[in-house]
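The values are calculated or read from the model by the stated rules, or taken from the named source; none is laboratory data. Since the model is a prediction, treat every value here as computed from it, not as a measurement. Note that each Cβ is placed from the backbone with ideal geometry, even for glycine, and that neighbours are counted across all protein chains shown.
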Amino acid sequence: MSHSVINPSPSTSRRLSVLVYGTLLLAYPLDAAFDAMPSALSLLLSVAKLVALLGCIVLFLSPHSQQGNAPDGMLDERERQERSRPHILAFQILLGLLILTNLYLIVGRLFAWWMPDVDDLHDLLGALVIAALALPGTALAWQVPAPVLALDE
């Protein structure tokens, strides 16, 4: 079931996912939390968010994501079973992030913590949407076992 133009190996997809999701977890909250940032730092965070978006697109177009998002009729039974766990994991991760965000908003209001404005919430929601784009396929890439390297003697 691999008809993708972009065809990174599972290990490349895993490394790219660490970069992409690490950048999303750092850049979006930092950008939202610090309104009065120097323009150079703001530009750097904007570039980081753009790189994360492009990385998510690459992950989304990978064969793992194609399998993760393909209609059931295009997959055999083994492929359908392989993608079940990554979809559940992606759902759990996104739901967990939404719950944590909601808890922060509830508790933060009680203790007068920093509260995001509409633009900040738009950015954070955008980060969740970008993360959701490639998360099932990324989880599927992490599920593929690493190849065993044979040592020639």
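One table, with the values for the structure above:
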read-out: Test: residue in segment 134-152 that is at pLDDT below 85, touching a Cys at 6+ places or on another chain (Cβ under 6 Å) and surrounded by 10 or more Cβ atoms within 10 Å (Cβ to Cβ); value: yes
read-out: Selection status of residue 17, surrounded by 12 or more Cβ atoms within 10 Å (Cβ to Cβ), touching a His at 6+ places or on another chain (Cβ under 7 Å), touching a residue at least 60 places away in the same chain (Cβ under 8 Å) and closer than 16 Å to residue 133 by Cα; value: no
read-out: Number of the exception - residue 116 against (1) over 18 Å from residue 138 (Cα atoms); (2) assigned to a helix (DSSP H, G or I); (3) in contact (Cβ under 8 Å) with a residue 24 or more places away in the chain; value: (2)
